[in-house]
Amino acid sequence: MNIFAALRTALRALRKNKLRSFLAALGIVIAVAAVIATVAIGEGAKAKVADQMASLGSNLLMILPGSVMQHGAATGAGATQNLTRDDAAAIEKELGGPVAAVAPINRTGAQIIYGDANWFTQVVGTTPGYLAVRGWPLADGEAFGREEDAAAAKVCLIGQTVKDKLFGDSPAVGEQIRVRHVPCKVVGVLSAKGQSSWGQDQDDVVLMPWTTLVRRIIGSQSDAVGQLMVSARSPQSVSEAQREITSLLKQRHHQSEQSEPDFQVRNLAEMQNAAQEQTKTIALLLGSVALISLIVGAIGIANVMLVSVTERTREIGIRMAVGARGRDVMFQFLTEAVVLAAVGGAIGLFLGTGVAKYMAIQAQWPTLLSPPVMIGTMILAGLAGIIAGFYPALRASRLDPIDALRFE
């Protein structure tokens, strides 16, 4: 039988029962749309997580104070201040191979005032290496240097959120703001970073030299730091840097190699991989549900085709009586099933693409439509049509022409 003739006949037969044909194809529409949308949403979520992790810095290690024993009792993690500026200097000096940059960090909250505008924000005291560790360029002005850190200079960098709150559209570089009671000159404006992976506005920040924050704002003479941020030279050297830092700090803190360190080294690459694995698992589960709906859609097509065979038994008998062979009848019904699945798949493809784009806009992450997944889903829809239509087509092809002509 000619394939084009079979296609015309199939379309004519499906048009006779538009509602039934639509309901039969609806399962395939939903299944294909669900597969396309869930895969795109899953890939977009993974890209969002990767972007948020990258915004924290490349090849980043975070060193935090840990737990120590005092009179037989262990303090909680971070309850001690056992990291110092000297630790940061030692890492920078002795581990120049795997380590690219080091930044000691202390934080406090403070009211920032400029003219009649004010804003409460996070103030971070650090060194010039912080911008390199975080991969954070300036939008305007210039960064403070080692000289300003050594002299506890009254200078600062402000994030985009602070700039908008205090200065609006006016230039900020060169202006004087007050951080608590200390006047500080704005020497630069940081480029926008956006939200972190835990929802914090990274642009709501003021950076200043570590000594300025600790000595002038906080009023402390201690060299203890709240945390150290370290950037490895490459993704391949992160693990080496972690091992070397752990060994060096244990030596500096007079701990044996076998003892539990009194600090924590967190590898953000491992955190990113864990987050992406979670996202991948969720996407896999959603995709599995979508594939199950594809099976349900195929069952719907099979049901409709069986009903169609029963309704058209007399038509089948006439075809066979005028010379149609069993394989011609079988091909005809298979064509109808595949057309149903293909039309449903095409509608589902457009619907799934639209849903994926809408969800990406709402969640503010990239729309990552995968052409291989789209093509593969359409092929699966076609196979579902073939499988669903095979038994009804086989049943139609085996009808006895005499019995079929007598069917009422």
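For the reader, a short list of remarks on this structure follows.
- Any chance Gly135 is in contact with a Gly (Cβ under 9 Å, 6 or more places away or on another chain) and exposed (fewer than 13 other Cβ atoms within 10 Å of the Cβ): no
- Residue check for Ala45: buried (at least 20 other Cβ atoms within 10 Å of the Cβ), closer than 30 Å to Pro137 by Cβ and at pLDDT below 80: yes
- Taking residues in region 291-318 that are not assigned by TED's automatic domain parsing to the domain that holds Val338, and partners anywhere that are buried (at least 23 other Cβ atoms within 10 Å of the Cβ) and at pLDDT 75 or above, not one pair has Cβ atoms closer than 6 Å while being at least 6 places apart or on different chains.
- In region 212-239, residue surrounded by the most Cβ atoms within 10 Å (Cβ to Cβ) [restricted to those that are hydrophobic (A, V, I, L, M, F, W, C) and assigned to a helix (DSSP H, G or I)]: Leu213
- Hits in region 194-211 (condition: in a loop (DSSP other than H, G, I, E, B) and modelled with pLDDT of 85 or more): Gln202, Asp203, Asp204
- For first residues located in region 215-238 and more than 20 Å from Glu94 (Cβ to Cβ), partners that are in a helix (DSSP H, G or I) and lie 6+ apart or on another chain with Cβ distances below 6 Å form the pairs Ser220/Val214.
- For region 345-392, a residue qualifies if it is at pLDDT 80 or above, within 13 Å of Gly44 (Cα to Cα) and loosely packed, with under 14 Cβ neighbours inside 10 Å, and exactly one does: Tyr358.
- Residue in region 86-103 that is surrounded by the fewest Cβ atoms within 10 Å (Cβ to Cβ), counting only those that are closer than 14 Å to Thr126 by Cβ and under 29 Å from the mean Cα position of the chain (by Cα): Ala101
- Residue count for region 150-194, restricted to those that are in contact with a helix residue (DSSP H, G or I) (Cβ under 6 Å, 6 or more places away or on another chain), farther than 24 Å from Asp223 by Cα and surrounded by 18 or more Cβ atoms within 10 Å (Cβ to Cβ): 3
The values are calculated or read from the model by the stated rules, or taken from the named source; none is laboratory data. A quick note: this is a predicted structure, and the numbers were derived from the prediction, not measured. No Cβ is skipped: glycine too gets one built from the backbone with ideal geometry, and neighbour counts run over all protein chains shown.
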